[in-house]
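Below is one structure, written out as structure tokens; the observations come after it.
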Amino acid sequence: MTVTTRRIVERIRRHEDRGELVPGDVVVVGHHEPEPHPGGYRFGRRSEDGRYPVERFDEGGTPRLVALCASLDEASQVVFDRLRDVMGERFWGKERWAGNRARVRKGSALRTAALLLCPGWDLLRDRFQAVEALRAIGIPDTAYGVQDANPPSASYSAEGLSQLVHRDGRWMIGVWERGTFTGRAFDNEPLAARAFVQNVVFSLVVSMGGEGIEPHILPAYQDAVRRALEETGGLVSGDRKAFGS
């Protein structure tokens with residue numbers, strides 16, 4: 001069992017132990033194979049073209065393809081994303097989970113607004129441009145690490161710090177925890193650079209709130225986000241001067 005597979009299986013078992021998943025919700029081929037039930041998911045087998053299919057069992061017990069993923073991590077995330085509501089209701093109860101979902105939707109809207117601080121983020125070509133984009137909106141270099149472009153200072157611990165690095169021939173976004181680097185892999189640097197900017201902006205500009213606290217833009221960035229929203233509104237209304245156009 002690879003390190004990635006072991007981590008995924010351990011995650012599934014933790015959720016099963018807490019009652020958020022029941023045996024048969026998730027099957028990892030060759031490593032975690034309870035009897036699947038209708039609505040359950042199966043992944044872990046690599047296809048001939050190198051991708052990882054994700055299948056869902058229908059009411060008759062037949063597996064149906066729902067996604068083709070570039071990596072085992074991506075396949076795992078697809079499954080957990082699709083089971084999020086099931087797990088949430090089992091853990092929190094329907095009423096509390098509905099409130100949590102409402103807060104998540106608000107936070108998602110704020111994250112979308114926060115990305116307006118970086119117009120052109122979706123056109124980034126490499127990690128150096130990613131660093132420039134983050135510096136332009138005032139995010140400090142010590143808040144993240146980018147290989148060869150923005151190494152964290154010696155006085156700042158890299159443990160738990162969001163990082164963009166090149167490992168095993170692929171670009172990865174992740175963190176070091178207890179000496180182990182875990183994260184998501186990308187096929188090329190442009191995709192990784194764009195996803196990294198999203199990740200950093202989402203985590204450092206927006207607070208998703210918590211018990212009794214609504215999601216919000218952090219105070220240091222509120223005025224800038226308001227201005228970006230106004231300029232975007234101008235674009236929608238046909239203002240040719242918006243964003244310097």
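The values are calculated or read from the model by the stated rules, or taken from the named source; none is laboratory data. Here the structure is a predicted model, which is why all the values come from computation and not from measurement. Note that we place each Cβ from the backbone using ideal geometry, even for glycine, and neighbour counts take in every protein chain shown.
For ALA149, the criteria (1) free of Cβ contacts under 8 Å to residues at least 60 places away in the same chain; (2) surrounded by 13 or more Cβ atoms within 10 Å (Cβ to Cβ); (3) among the small types (Gly, Ala, Ser); (4) out of contact with any helix residue (DSSP H, G or I) (no Cβ under 6 Å at 6 or more places or on another chain) hold in every case but one, which is (4). Within the stretch 205-220, how many residues are surrounded by fewer than 20 Cβ atoms within 10 Å (Cβ to Cβ), part of a helix (DSSP H, G or I) and either touching a residue at least 60 places away in the same chain (Cβ under 8 Å) or assigned by TED's automatic domain parsing to the domain that holds GLU74 (or both)? Of the residues in that region, 1 qualify.
Considering every residue within the stretch 22-31, establish whether at least one is in a helix (DSSP H, G or I), in contact (Cβ under 8 Å) with a residue 40 or more places away in the chain and within 26 Å of PHE186 (Cβ to Cβ). No: zero hits.
Inspect all residues belonging to the stretch 158-167 and state whether any of them is at positive phi and either assigned by TED's automatic domain parsing to the domain that holds ASP25 or within 19 Å of the chain's Cα centre (by Cα) (or both). Within the stretch 158-167 (the criterion being at positive phi and either assigned by TED's automatic domain parsing to the domain that holds ASP25 or within 19 Å of the chain's Cα centre (by Cα) (or both)), the answer is yes, since at least one residue qualifies. Yes or no: the stretch 129-151 includes at least one residue that is assigned to a strand (DSSP E or B), closer than 22 Å to ASP73 by Cβ and assigned by TED's automatic domain parsing to the domain that holds ALA114. Yes, the stretch 129-151 contains a residue that is assigned to a strand (DSSP E or B), closer than 22 Å to ASP73 by Cβ and assigned by TED's automatic domain parsing to the domain that holds ALA114.
Going through GLY183, GLY238, GLY174, GLY233 one at a time, which residue ends up being assigned to a loop (DSSP other than H, G, I, E, B) and not aromatic (Phe, Trp, Tyr)? Lay out the reasoning, then the answer.
On the way: GLY183 fails: assigned to a loop (DSSP other than H, G, I, E, B); GLY174 fails: assigned to a loop (DSSP other than H, G, I, E, B); GLY233 fails: assigned to a loop (DSSP other than H, G, I, E, B).
One residue alone meets the criteria, GLY238.
Residue-by-condition table, conditions (1) more than 30 Å from GLY212 (Cβ to Cβ); (2) within 19 Å of the chain's Cα centre (by Cα):
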{"site": "ARG14", "(1), (2)": "no, no"}
{"site": "GLY44", "(1), (2)": "yes, no"}
{"site": "ASP58", "(1), (2)": "yes, no"}
{"site": "VAL66", "(1), (2)": "yes, no"}
{"site": "SER76", "(1), (2)": "yes, yes"}
{"site": "ASP81", "(1), (2)": "no, yes"}
{"site": "GLY93", "(1), (2)": "no, no"}
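Residue pairs whose Cβ atoms lie under 7 Å apart, separated by 6 or more positions or on different chains, with the first residue in the stretch 131-144 and in contact (Cβ under 8 Å) with a residue 24 or more places away in the chain and the second of a type in the set (Gly, Ala, Ser), are ILE137/ALA224; TYR144/SER162.
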